[in-house]
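The block underneath contains the structure these notes are about, expressed in structure tokens.
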Amino acid sequence: MKTLKISNNVIRRMPRYLRKLDELSAAGVERISSSELGRQLGLTPSQIRQDFSCFGEFGQQGYGYYLPSLRDAIASILGMDRGYKVIVMGVGNIGRALLDHFSFEEYGFHLLAAFDPDKRVIGSQTKRGIPVYDSAIVNEFCAENDVDIAVLCVPSQYAQIAADAAVRAGVKGIWNFTNAIIELPEDSRIVKEDIYFSDSLLALEYYLATRQDEEARRTARLEKMDRT
């Protein structure tokens, strides 16, 4: 597989390809061309071929892509075959929703445990049988279980405290759901992914407002033309 530096835009498109391939496989499709795949994803065939060429050659000219092989290749590119171990820090509303309803295993992760300082939930289990431990033992647990990723679901005012704890625990990645900006040590090699629900909602709001403004201007122009 090639080792050139891949742009963030290409990386962000890989999960889209994976979802589409899973959808097509479920529908019984075994082979697809870049043209058809592009049509279904709203991308050009050349964009798809360019994206895939960053990682190797997966298709055959005139025959397209064989879905099982392409799906396995993309899953490997995304690291789904590495079995990363995950803990959740914070068992409030967001943490509980992820623990109860998000299928980490479907994406190749092993969800091991959750942590919270609230004595009312310490010692309990989630609907899926994930144990909830005291936050005070997160370092010990991570060391014993070689944890890779911490999912931060604590209230925003505790975000940095939780992030610092995750760093001390030796995790390699942080999935941040706190809606707060967290700082990592300058020399840290921890990978961080921030999830801001409000950003996506505000972007949607912008596009709706823009479309309404365009429609209002078009209506105004038509009314003006009718009066002349």
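The values are calculated or read from the model by the stated rules, or taken from the named source; none is laboratory data. From a predicted model like this one, the values you see are computed outputs, not experimental measurements. All Cβ positions, even for glycine, are placed from backbone atoms using ideal geometry, and neighbour counts span all protein chains on display. SASA here: full protein model, heavy atoms, side chains in, ligands and nucleic acids out. Shrake-Rupley method; radii C 1.70, N 1.55, O 1.52, S 1.80 Å.
Residue check: is F58 of a type in the set (A, V, I, L, M, F, W, C), modelled with pLDDT under 95 and open to solvent by less than 20 Å² (accessible area, probe 1.4 Å)? Taking the combined requirement at face value, the residue does not satisfy it.
Conditions (1) more than 23 Å from the chain's Cα centre (by Cα); (2) farther than 18 Å from Y84 by Cβ; (3) surrounded by 15 or more Cβ atoms within 10 Å (Cβ to Cβ), marked per residue:
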{"residue": "V147", "(1), (2), (3)": "no, no, yes"}
{"residue": "S156", "(1), (2), (3)": "no, yes, no"}
{"residue": "R168", "(1), (2), (3)": "yes, yes, no"}
{"residue": "I182", "(1), (2), (3)": "no, yes, yes"}
{"residue": "E193", "(1), (2), (3)": "no, no, no"}
{"residue": "L202", "(1), (2), (3)": "no, yes, no"}
{"residue": "T210", "(1), (2), (3)": "yes, yes, no"}
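Here Y65 meets each of (1) more than 23 Å from V171 (Cβ to Cβ); (2) crowded, with 17+ Cβ neighbours inside 10 Å; (3) touching a residue at least 40 places away in the same chain (Cβ under 8 Å) with one exception, condition (3). Cβ-Cβ contacts under 6 Å between residues 6 or more apart (or on different chains), taken from a first residue in region 184-213 that is within 30 Å of V147 (Cβ to Cβ) to a second residue that is open to solvent by 70 Å² or more (accessible area, probe 1.4 Å) and outside any helix (DSSP H, G or I), are listed as Y196/N179.
The residues of region 24-55 that are in a loop (DSSP other than H, G, I, E, B), in contact with a strand residue (DSSP E or B) (Cβ under 9 Å, 6 or more places away or on another chain) and open to solvent by less than 70 Å² (accessible area, probe 1.4 Å) amount to a single one, S33. If you filter region 77-116 down to residues that are touching a residue at least 60 places away in the same chain (Cβ under 8 Å) and over 26 Å from E140 (Cβ atoms), you find that the one that is nearest to the chain's Cα centre (by Cα) is L78.
If you go through region 72-97 and keep only what is open to solvent by 60 Å² or more (accessible area, probe 1.4 Å) and assigned to a helix (DSSP H, G or I), you end up with D72, N93, I94, R96.
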